[in-house]
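Here is the structure we will look at.
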Amino acid sequence: MADLRPYAHRFRFLKLLRASLFIGAAYDLAFAILMVAAPAFLARAFDLPLPEPFYLWLLAVFLLMLAALYTEAGRDPRRYSAIIRVAIAGRLLGAVALGLAAFLEPAHSGLWAAAAADAVLGLAHLIFWFPAQG
C-alpha cells in the first residue's frame, strides 16, 4: 500500500479551499438576496445612496451566477480550477476597487468592510489553492 503521508497536506489545503469557496458562495448569495429583499438595509449598513432598483437586480443576478460558480468549484476544485483562478483575481481586484472607492470618497467609508471581506476571501482562496495543486 502506498504511503500517502507526503500528500496529506495537499488534502488538508484542498479541504480548506473547498470551505473558502463555499463561504464565498454563501457571501455572494446573501448579498444578492439583500439587494433584492432589503436594499435599504445595505444602503444604511454601507452608508451608500440607493441606486435605481434595476441596477440592484442586475447585480443580484450576477452575484447569484457567481455563487453558483463558486459552489461548482467547491464541489470539484480540480475540475474547475479556472473558476478558482478567476475567483482569486476577482476577489483581490474587487478589494482594490472597493478600497479605492472608499479612499477617494470618504462619504463611502462603509465600503472598507466589503473591501476587507473581498481581500480575506481572495487571499484565502490563493493561500489554500497553491499548496493543494502539488
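Values for this structure:
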quantity: Assigned charges on the beta-carbon of Lys, Arg, Asp, Glu; the stretch 8-133 dipole about Cα centre (debye); calculated: 760 debye
quantity: Backbone HN-Hα couplings from phi across the stretch 121-129 [Karplus 6.51/-1.76/1.60, Hz, Gly and Pro as x]; calculated: 5, x, 5, 4, 4, 5, 5, 7, 6
quantity: Two-site FRET efficiency, residue 57 against residue 10, from Cβ-Cβ distance with R₀ of 41 Å, rounded to 0.05; calculated: 0.50
quantity: Given charges at Cβ of Lys, Arg, Asp, Glu: the chain dipole, positive-most of 96, 20, 131; calculated: 131
quantity: Karplus-derived 3J(HN,Hα), 6.51/-1.76/1.60, for each residue of the stretch 47-53, Hz, glycine and proline x; calculated: 6, 10, x, 7, x, 4, x
quantity: Helix-only mean residue ellipticity at 222 nm for the chain, each DSSP H run of n ≥ 4 adding -39500 (n - 2.57), per residue, nearest 500; calculated: -28000 deg cm²/dmol
quantity: Contour excess over end-to-end distance, with Cα ends at residue 44 and residue 127 and 0.36 nm allotted per residue; calculated: 26.6 nm
quantity: Table column - 3J(HN,Hα) (Hz), the stretch 26-38, Karplus curve with 6.51, -1.76, 1.60, x for Gly and Pro; calculated: 5, 4, 5, 4, 4, 5, 4, 5, 5, 4, 8, 8, 8
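Values quoted throughout were computed directly from the atomic coordinates according to the rules given, and no laboratory measurement underlies them. Worth saying up front: this structure is predicted, and the values here are computed from it rather than measured. Cβ coordinates were reconstructed from backbone atoms using ideal geometry, including for glycine residues, and neighbour counts include every protein chain displayed.
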